[in-house]
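Below is one structure, written out as structure tokens; comments come after it.
The numbers here are math on the coordinates, done by the rules we state, and not lab data. A quick note: this is a predicted structure, and the numbers were derived from the prediction, not measured. Neighbour counts run over all protein chains shown; Cβ positions are idealised from the backbone, glycine included.
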Amino acid sequence: MKDTKKFRGTGVAIVTPFKNDSSIDFAALGRVVNHVINGGVNYLVVMGTTGESSTLTKDEKKAIISYVVEVTDSRVPLIIGIGGNSTQEVINTVRHSNLTGIDGILSVAPYYNKPSQRGLFQHFKAISTCSPVPVILYNVPGRTCCNISSDTCIELANECENIVGIKEASGDIAQIMRIIKNKPDNFSVISGDDMMTVPIIASGGVGVISVLANAFPSATSELVTSSLKNNCKSARELQLRYLEIIELLFVDGNPAGVKAMLNIMNLCQNILRLPLVPVNRATYTRIQKAIEEVSNS
């Protein structure tokens, strides 16, 4: 029986803070982890897109996992990102990772090599077979140029006991609703886009894996809780209040926007690893103003 309760509500895709020399700032990482847990999020996702995982070495990833497990101290469930465009390499990483204290794996659709839907099915089936913890699919075709179709998702949900949900960031609400309509009861659909949280939950989704929650965990958690309780008025008001903030997260790319916000909040430095760079000065000023406005509203 699939256990999906751990992945209901507000998940947060944690940033990876860096120092001036581009090394990992573990003290700042600890501050962010405590900030979001104290803000009421339900679980953490480490080494996802927002965590700049593609710029981290294998040793750095191991160190981050170990540190976050220690700091979190079982207060909330932990998911780690393990994905790629080589199925065997993903399997090798899963097999050689210390998954003590880890509750699940978020695995992104293969990128660049553009597999067929049958290739996607076999890729994720192989990962689910080797994984000792539950697997959540991650569909983000805007980054991967590869869409996990609703039919493929439903087939995986029905045939792979260890695949427990999907983080859907396709932006295609019709596709997401087809998954929700036809999925088994014990399979979770999670919003992968802060802007789509309310409509996806209203359609039957179970929450969000959020970028916004790094900076505004309490507001994001309240929005998700209101949506899950069918308190449409409260959820709508929160979504609209943070509309500009959410837009600014992505104006100059993710995680540049949220790192600027965390810098303004004195939680981490405004440093990214190349090829990513911080937001431009005009965007930073807009972010400062938007934070002031939501803080005073």
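If the segment from Glu89 to Arg143 were pulled out straight at 0.36 nm per residue, it would be longer than the present Cα-Cα gap by 17.5 nm. Modelled spin labels at Asp73 and Glu237, positioned 7 Å past Cα toward Cβ, are 3.6 nm from each other.
Please compute the contact order of the chain in relative form: average sequence separation of alpha-carbon pairs under 8 Å and at least six residues apart, divided by the residue count, as a percent.
Numbers: 569 pairs, mean separation 58.8, N = 297.
Reported relative contact order: 20 percent.
For segment 152-172 and segment 64-92, what is the separation of their C-alpha centers, rounded to whole Å? Measuring centre to centre over Cα atoms gives 19 Å. On full extension, the segment bounded by Asn186 and Thr285 gains 31.2 nm, given 0.36 nm per residue less the C-alpha separation.
Name the residues of segment 126-161 whose amide N is less than 19 Å from a point 7 angstrom out from the Cα of Gln117 along the C-beta direction? Zone members listed by number: 126, 137-142, 144-160. Approximating the spin labels as points 7 Å out from Cα along Cα→Cβ, the Asn230-to-Asn34 distance works out to 4.1 nm. Between Arg178 and Lys5, the distance separating the two model label sites (each 7 Å from Cα on the Cα→Cβ line) works out to 3.3 nm. Listed by chain and number, the aspartates and glutamates placed with their C-alpha closer than 12 angstrom to that of Lys61 are Glu52; residues fewer than eight positions away on the same chain are left out.
As a check on your grasp of the helix formula, calculate [θ] at 222 nm for the chain: sum -39500 (n - 2.57) over DSSP H runs of n ≥ 4, divide by the residue count, round to the nearest 500.
Dividing the helical sum by the residues of the chain leaves -14000 deg cm²/dmol.
To the nearest 0.05, what FRET efficiency results for Glu293 and Asp151 with a Förster distance of 35 Å applied to their C-beta separation?
Computed FRET efficiency for Glu293 and Asp151: 0.20.
In summary, the convex hull built on the alpha carbon positions of segment 1-137 has an orientation-averaged projected area of 8.7 nm².
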